[in-house]
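All remarks here apply to the structure that follows.
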Amino acid sequence: MTFGGIALTVDGRKIEPGEQRAYKGTMFGGVPNLAWCRGYTNSSWTLRADLASQYVCRLLAYLERFGRAGSRPGAIRRKRDAAERRKR
């Protein structure tokens, strides 16, 4: 996935989209505040677009409700995993 040649960086580190995990088919793990939409290839394109858009709207409402500046998929899991390793 090339995103039209856009270079993705996080804190000065180049992000290769093809090397990232997709979260709910709309966000890249470890990349904050980026969502995209791709439709289904074998079904109605708008079905997937609707699902992705609804998820992003729920996420934005959550962020606003709790005064958060952004979201980065995978950040909570990494913190939880690190906490579990410290317990061992």
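Every number here is computed from the coordinates shown, using simple stated rules; none is lab data. Not measured: the values here are computed from a predicted model. As a convention, Cβ positions derive from the backbone with ideal geometry for all residues, glycine included, and neighbour counts pool all protein chains shown.
By counting other Cβ atoms within 10 Å of each Cβ, how are Asp50, Asp11 ranked from fewest to most?
By the 10 Å Cβ count, ascending: Asp11, Asp50.
Say R0 is 25 Å: what FRET efficiency, to the nearest 0.05, do Cys37 and Lys14 get from their beta-carbon distance?
Using R0 = 25 Å, I get an efficiency of 0.60.
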